[in-house]
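Novice: Mind having a look at this structure? Questions to follow.
The values are calculated or read from the model by the stated rules, or taken from the named source; none is laboratory data. As the structure is a computational prediction, the values presented were derived from the model and not from experiment. Every residue, glycine among them, receives a Cβ derived from its backbone with ideal geometry; neighbour counts consider all protein chains shown.
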Amino acid sequence: MERPMSELDGLNTLTPDEAKVAFERCCGSKRWVDRMTASRPFPTPAALYEAADRIWGELSEDDFREAFTHHPKIGAKGLRDRWASNEQKGVHGASPETIEGLASGNTEYERKFGYIFLICATGKTADEMLALLRKRMNNDAHTEIRVAAAEQGQITRLRLEKLLRAEKI
């Protein structure tokens, strides 16, 4: 008896170009996408996640920054990406003061660090995100790129899970 094809099986059998599109949904680093595509097939979801973490950990700061550019700002209005909108649902219904704090904090953060404030927003309220933004403004550039990269790693993991559940973008 044949077992039904899983989403992992489907990911493993995509053409390289199709796999790149799928992985780009999860992370905007071209090097990460290329290496994940070349690492297929993955025997288990755990092997997929291990490869994703390992490859992410081997990338440069330029790769991290490239990935960061693929994210909308926290609190941005009119998000077209359903995944990003769902991830940031803690911002929906936030007070005008919190929304303004996020907007001005994002601007200040970008000026200081040169990239958007990146946080794994899933499960966080707007007030929690604003408090973390303010706290992270105290970091030096070296520390902050590592913190932002760790947040990107969490986002990538959550998006890989969505990919395996075949959630629509």
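Novice: Those residues that are free of Cβ contacts under 8 Å to residues at least 24 places away in the same chain and buried (at least 18 other Cβ atoms within 10 Å of the Cβ), I need them from the stretch 130-155; list them, please.
Specialist: Of everything in the stretch 130-155, just one residue is free of Cβ contacts under 8 Å to residues at least 24 places away in the same chain and buried (at least 18 other Cβ atoms within 10 Å of the Cβ), namely L132.
Novice: Also, I was wondering about something else. Acidic (D, E), outside the structural domain of D53 (by TED's automatic domain parsing), at pLDDT 95 or above and more than 14 Å from Q88 (Cα to Cα) - does that describe any residue in the stretch 122-133? Step through it out loud before you land on a result.
Specialist: Within the stretch 122-133, the first condition is being acidic (D, E), and the residues that meet it are 127-128.
Filter once more, so that each one left must be outside the structural domain of D53 (by TED's automatic domain parsing): 127-128.
Retained after the next criterion (residues that are at pLDDT 95 or above): 127-128.
Remaining after also requiring more than 14 Å from Q88 (Cα to Cα): none.
No, the stretch 122-133 contains no residue that is acidic (D, E), outside the structural domain of D53 (by TED's automatic domain parsing), at pLDDT 95 or above and more than 14 Å from Q88 (Cα to Cα).
Novice: Let me ask you something else. Select from the stretch 13-29 the residues that are more than 11 Å from the chain's Cα centre (by Cα) and not in a helix (DSSP H, G or I) and list them in ascending order.
Specialist: Of everything in the stretch 13-29, those that are more than 11 Å from the chain's Cα centre (by Cα) and not in a helix (DSSP H, G or I) turn out to be L14, T15.
Novice: Next question. Can you give me the ranges of the helices (runs of 4 or more DSSP H) entirely in the stretch 77-169 with at least 3 residues that are over 16 Å from the mean Cα position of the chain (by Cα)? Before you say what the answer is, go through the steps one by one.
Specialist: Values: elements: 82-87, 96-113, 126-136, 141-164.
Here the list reads 96-113, 126-136, 141-164.
Novice: Quick one: in the stretch 30-46, of everything that is assigned to a helix (DSSP H, G or I) and more than 19 Å from the chain's Cα centre (by Cα), which residue is surrounded by the most Cβ atoms within 10 Å (Cβ to Cβ)?
Specialist: Of all residues in the stretch 30-46, those assigned to a helix (DSSP H, G or I) come to 30-39, 45-46.
Within this subset, residues satisfying the condition of being more than 19 Å from the chain's Cα centre (by Cα) are 38-39.
Details: A38: 10, S39: 16.
Across the stretch 30-46, the extreme among qualifying residues is S39.
Novice: If you go through the stretch 65-82 one residue at a time, do you hit one that is more than 14 Å from A148 (Cα to Cα), of a type in the set (G, A, S) and at pLDDT 95 or above?
Specialist: no
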